[in-house]
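J.: What follows is a structure written as structure tokens; I'll ask about it next.
The values are calculated or read from the model by the stated rules, or taken from the named source; none is laboratory data. All values reported here derive from a predicted model rather than from experimental measurement. Cβ: placed from backbone, ideal geometry, glycine included. Neighbour counts: every protein chain shown.
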Amino acid sequence: MLSFDAVHALAGSLVAAETDAHTAGWRQPATVLLIHSQPLLDAALQQRPAPRSLHFPLRRDEPRANMAGLPTLLSSLAVGIGSPDTPYRATLNAIGQQIRRTEPDARLMAWAACYEDIHTISGHSQRVRCVDAADVDGRAYRITRLHGEDHPQTLVDDHPDPDHTPATYPGLVALVTATASFITTPARTDVDVSG
């Protein structure tokens with residue numbers, strides 16, 4: 001279970017991902033993010049490493065890379081990862097091995113998707129960039145920035161209602177479920193993993 005501090009740090013890393021996308025400009029391909037962290041290494045120092053993320057930009061020519069197909073793509077990735085002997089599974093194994101090699105106590109925190117969409121507000125269509133995420137405890141995160149706004153808005157929902165979550169949420173939850181064992185190493189008894 002993620003602590004309050006871990007949830008706060010995760011939300012901050014999602015805002016940072018949106019800020020990076022904002023700096024790159026509009027009309028960027030959608031990106032899928034795997035976010036992980038390490039447990040507290042020294043209780044006396046009370047320092048927690050910031051969440052780290054791996055970014056997987058989708059190819060512009062991927063038919064499901066637009067918002068209409070992104071929820072399906074996320075669900076397909078989760079199914080592919082869960083199936084033995086698929087390229088997705090082999091890729092995730094390689095990613096998990098690399099994470100564990102560099103950060104032996106890494107823990108999966110969340111999966112996220114950064115993408116552009118169109119929102120209709122008061123009958124007017126406006127571009128918006130969204131970063132949606134699902135963490136290991138099932139929380140839903142949404143960072144949004146309307147085109148022309150200086151700062152994004154952040155929402156963290158501890159108990160998301162399926163009727164009011166972004167269309168990407170089920171696929172992100174499926175990715176968390178499918179990948180938890182690949183990224184999370186066995187718990188050690190000599191470290192605090194509360195977040």
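J.: Of all residues in segment 10-35, how many are of a type in the set (Asp, Glu) and free of Cβ contacts under 8 Å to residues at least 12 places away in the same chain?
T.: Initial filter on segment 10-35 (of a type in the set (Asp, Glu)): 18, 20.
Of the ones still in play, those that are also free of Cβ contacts under 8 Å to residues at least 12 places away in the same chain are 20.
Count: 1.
J.: Could you check segment 147-170 and list, in sequence order, the residues that are among the hydroxyl-bearing types (Ser, Thr, Tyr), crowded, with 20+ Cβ neighbours inside 10 Å and either part of a loop (DSSP other than H, G, I, E, B) or without any contact (Cβ under 8 Å) to a residue 12 or more places away in the chain (or both)? Walk me through how you get there before you give the answer.
T.: Step one: filter segment 147-170 for residues among the hydroxyl-bearing types (Ser, Thr, Tyr), giving 154, 165, 168-169.
Now drop any that are not crowded, with 20+ Cβ neighbours inside 10 Å, which leaves 168-169.
Listed by number, the list holds a single entry, Thr168.
J.: Would you say Ser53 is modelled with pLDDT of 85 or more and either of a type in the set (Lys, Arg) or in contact with a Leu (Cβ under 6 Å, 6 or more places away or on another chain) (or both)? Even if it seems obvious, please write down each step before you answer.
T.: On the way: modelled with pLDDT of 85 or more: yes; either of a type in the set (Lys, Arg) or in contact with a Leu (Cβ under 6 Å, 6 or more places away or on another chain) (or both): yes.
Yes; evaluated as a whole, the condition is true for this residue.
J.: I'd like to know if segment 88-106 contains one or more residues that are of a type in the set (Phe, Trp, Tyr) and in contact (Cβ under 8 Å) with a residue 24 or more places away in the chain.
T.: Let us first name the residues in segment 88-106 that are of a type in the set (Phe, Trp, Tyr), namely 88.
When the remaining residues are screened for being in contact (Cβ under 8 Å) with a residue 24 or more places away in the chain, the result is none.
The answer is no, given that none of the residues of segment 88-106 is of a type in the set (Phe, Trp, Tyr) and in contact (Cβ under 8 Å) with a residue 24 or more places away in the chain.
J.: Looking at Val156, Val128, which is the one that is among the β-branched types (Val, Ile, Thr) and out of contact with any Ser or Thr (no Cβ under 6 Å at 6 or more places or on another chain)? If you could, list the steps in order and put the result at the bottom.
T.: On the way: Val128 fails: out of contact with any Ser or Thr (no Cβ under 6 Å at 6 or more places or on another chain).
Answer to the check: Val156.
J.: A further question on this structure: Would you confirm, using the coordinates I've provided, whether Arg64 is at pLDDT below 75, surrounded by 14 or more Cβ atoms within 10 Å (Cβ to Cβ) and outside any helix (DSSP H, G or I)? Give the steps one after another, and end with the answer.
T.: Numbers: at pLDDT below 75: yes; surrounded by 14 or more Cβ atoms within 10 Å (Cβ to Cβ): yes; outside any helix (DSSP H, G or I): yes.
Yes; evaluated as a whole, the condition is true for this residue.
J.: Sticking with this structure for a sec: Would you be able to say whether some residue in segment 123-146 is in a strand (DSSP E or B) and loosely packed, with under 12 Cβ neighbours inside 10 Å? Please lay out each step first, then the result.
T.: In the first step, residues of segment 123-146 are kept if they are in a strand (DSSP E or B); the result is 124-135, 140-146.
Next cut, loosely packed, with under 12 Cβ neighbours inside 10 Å only: 124-125.
Within segment 123-146, one or more residues are in a strand (DSSP E or B) and loosely packed, with under 12 Cβ neighbours inside 10 Å.
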